[in-house]
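Below is one structure, written out as structure tokens; the observations come after it.
The values are calculated or read from the model by the stated rules, or taken from the named source; none is laboratory data. Because the structure is a prediction, the values reported are computed rather than measured. Backbone-built Cβ (ideal geometry, glycine too); neighbour counts: all protein chains shown.
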Amino acid sequence: MFEKVKEVCPNVHEKIRAISADLNQNDFAISKEDLQELLSNTNVIFHCAATVRFDDHLRHAVQLNVTATQQLLLMASQMPKLEAFIHISTAYSNCNLKHIDEVIYPCPVEPKKIIDSMEWLDDAIIDEITPKLIGDQPNTYTYTKALGEVVVQQEGGDLNIAIVRPSIMGATWQEPFPGWVDNINGPSGLIIAAGKGFLRSVRATPMAVADLIPADTVVNLTLAVGWYTAVHRPKSTLVYHCTSGNLNPCNWGKMGFQVLATFEKIPFERAFRRPNADFTTNNISTHYWNAVSHRAPAIIYDFYLRLTGRKPRMTKLMNRLLRTLSMLEYFINRSWEWSTHNTEMLMSELSPEDQRVFNFDIRQLNWLEYIENYVLGVKKYLLKEDMAGIPEAKQHLKRLRNIHYLFNTALFLIVWRLLIARSQVARNVWFFIVSFCYKFLSYFRASSTLKV
Ligand SMILES: CCCCCCCCCCCCCCCCCCCCCCCC(=O)SCCNC(=O)CCNC(=O)[C@H](O)C(C)(C)COP(=O)(O)OP(=O)(O)OC[C@H]1O[C@@H](n2cnc3c(N)ncnc32)[C@H](O)[C@@H]1OP(=O)(O)O
Ligand SMILES: NC(=O)C1=CN([C@@H]2O[C@H](COP(=O)(O)OP(=O)(O)OC[C@H]3O[C@@H](n4cnc5c(N)ncnc54)[C@H](OP(=O)(O)O)[C@@H]3O)[C@@H](O)[C@H]2O)C=CC1
């Protein structure tokens, strides 16, 4: 990851100093010396730290995504050299709307009231009121990110602030090289599950827009926003959408297809089953495929593990996967429109050289190439698999295919044998098929004898 920067700038490590901080603590538990240095020397703040879990408890999500933002703003107001405060939100902070503009939308309940209430309400009551508070937001993550934006607007004071809203962040597109990824957020986790053969069906709308955005595009835009905010000092807080859907749309169908196509060339090692996922679009088929393609194989495999004296684990893993899928479903069955006027304005403000260095023009992205590199990156950087293992991985998939055919044939014969034993109709069908095959073979033999 850092090879390129080390080449270009060998003393890069002298320019960076990491300091320890915890958003759960007062003053973020930053040491006195570090705090002093921060207060007197900071020029630009990029505020990215957050909890991104969809299932986080509201108290924790409020603490990290709202209260900590409020405290950081307070700290920022004591920094005399501060030029810009860049807050990273998400394009889904207002996902209860279909068309989203680059503005901060009000929240039904004031963030300050939510922060106060978290101080005295106990966990059980918070659990009870969470669905009512989050209303038409899908989870505590998007809800608290929306509250965080309002806090930035209300408590930013005289600070020079901008908000960047990325959509679904994926592997890098170009920098420092294509396909780099280091966490299982967004699609990465599902790509692993599909490539390893655990994920066989996803409830998704193939035509819905897959609003992915490469991580390096987000970084480039964020840096450019830092520059523009510090140098041009816009009068109001500008919001920048870092999305792909309206400039270079890709849908889940195309993405899923390309992911599967890449597995053919670059399979993952030691797959549980052959990667062969598909989309389902309604409740009944989703339940059916979950039972047949997810739960049943897991139960059978756990039975095999038990028989061979090992600890069963597949059912647990599958339940976790199904829970994850249920949380992501909201985002893969809808499309949103994000306006990108500020982002386009920013691009036009950059010099041609800066447009090249801080490229965030998503129109230049080739999705098929990007997705292929993404899958390759997942294999290399998340699963840490070696490319030399590809021939063995392909052999393994062939073995799995043969086991699959063998299993299906055996299952068919067993079911058929049981049917024949019990039903006259099945027997008649069976005799019809056998006599048809016999006649066909006799005809074939006779005609080939005639030719000779
Ligand atoms: C033709 C048809 C073909 C069909 C083909 C199908 C192919 C598949 C292709 C792709 C489909 C793509 C679908 C994409 C869906 C994308 C939806 C994205 C929605 C984003 C909207 C919002 C955007 C944002 O603003 S970003 C924030 C994004 N946040 C997330 O993505 C977090 C979501 N995750 C969670 O909330 C939780 O993880 C949860 C609730 C889903 C699961 O929680 P659970 O408690 O069950 O598991 P975890 O403890 O979280 O983790 C399990 C396991 O993984 C390890 N782990 C967790 N996080 C990380 C990490 N960041 N990096 C590395 N490892 C991680 C964790 O340690 C655990 O490991 P153990 O060893 O088990 O301890
Ligand atoms: N991933 C995505 O698709 C999108 C992400 N975003 C936003 O981008 C930002 C980064 O998200 P992403 O990289 O995905 O998520 P990660 O979970 O990988 O990053 C979250 C960051 O927050 C820090 N953090 C979490 N808890 C604390 C804490 N208590 N004290 C101090 N630091 C903490 C983490 O530090 P450490 O590494 O030390 O744990 C980590 O650096 C977030 O603001 C998120 O809302 C927006 C849109 C899309």
Considering only residues of the range 195-246 that are of a type in the set (S, T, N, Q) and over 24 Å from the mean Cα position of the chain (by Cα), which is surrounded by the fewest Cβ atoms within 10 Å (Cβ to Cβ)? 236
If we ask which residues in the range 147-174 are within 11 Å of ligand 1 (Cβ to nearest atom) and hydrophobic (A, V, I, L, M, F, W, C), their number turns out to be 2
Residues of the range 283-335 satisfying the condition of being surrounded by fewer than 13 Cβ atoms within 10 Å (Cβ to Cβ) and outside any helix (DSSP H, G or I): 308, 309, 310, 311, 313
May I ask you to list pairs of residues, at least six apart or on different chains, whose Cβ atoms are under 6 Å apart, with the first in the range 83-102 being more than 17 Å from residue 340 (Cβ to Cβ) and among the charged types (D, E, K, R) and the second being away from ligand 2 (no atom under 15 Å from the Cβ) and part of a loop (DSSP other than H, G, I, E, B)? 83/43
Go through the range 16-51 residue by residue and tally those that are near ligand 2 (Cβ under 8 Å from one of its atoms) and crowded, with 17+ Cβ neighbours inside 10 Å. 6
Select the helices (runs of 4 or more DSSP H) contained entirely in the range 347-452, then report the ones holding at least 2 residues which are among the charged types (D, E, K, R) and over 30 Å from residue 274 (Cα atoms). 352-357, 424-451
Could you list, ordered by first residue, the pairs with Cβ atoms under 8 Å in which the first is in the range 347-372 and closer than 20 Å to residue 243 by Cβ and the second is in a loop (DSSP other than H, G, I, E, B) and charged (D, E, K, R), at least 6 apart or interchain? 347/361; 355/361
Is it the case that residue 8 is out of contact with any helix residue (DSSP H, G or I) (no Cβ under 7 Å at 6 or more places or on another chain), hydrophobic (A, V, I, L, M, F, W, C) and free of Cβ contacts under 8 Å to residues at least 60 places away in the same chain? yes
Just to be sure, is residue 381 in contact with a Cys (Cβ under 9 Å, 6 or more places away or on another chain) and at pLDDT 95 or above? no
Starting from the range 314-334, take each residue that is among the aromatic types (Phe, Trp, Tyr) and list its partners that are modelled with pLDDT of 95 or more and not in a helix (DSSP H, G or I), counting only C-beta distances under 6 angstrom and pairs at least six apart or across chains. 330/138
Looking at the range 142-194 only, could you name the residues that are of a type in the set (D, E, K, R) and buried (at least 21 other Cβ atoms within 10 Å of the Cβ)? 145, 149, 165
Given (1) touching a helix residue (DSSP H, G or I) at 6+ places or on another chain (Cβ under 7 Å); (2) more than 16 Å from ligand 1 (Cβ to nearest atom); (3) among the polar types (S, T, N, Q), index of the condition residue 20 fails: (1)
Looking at the range 176-212, which of the residues that are within 16 Å of ligand 2 (Cβ to nearest atom) and of a type in the set (D, E, K, R) is farthest from residue 260 (Cα to Cα)? 182
Out of curiosity, is residue 368 among the hydrophobic types (A, V, I, L, M, F, W, C) and over 26 Å from the mean Cα position of the chain (by Cα)? no
Go through the range 260-270 and count every residue that is surrounded by fewer than 18 Cβ atoms within 10 Å (Cβ to Cβ) and either aliphatic (A, V, I, L, M) or in contact with a helix residue (DSSP H, G or I) (Cβ under 6 Å, 6 or more places away or on another chain) (or both). 3
Scan (1) at pLDDT below 95; (2) surrounded by 14 or more Cβ atoms within 10 Å (Cβ to Cβ); (3) among the acidic types (Asp, Glu) for the single condition residue 56 breaks and write down its number. (1)
When residues of the range 1-42 are filtered for being under 30 Å from residue 381 (Cα atoms) and in contact with a Pro (Cβ under 9 Å, 6 or more places away or on another chain), how many remain? 5
Residues 77, 89, 93: which one is surrounded by fewer than 21 Cβ atoms within 10 Å (Cβ to Cβ) and of a type in the set (Gly, Ala, Ser)? 77
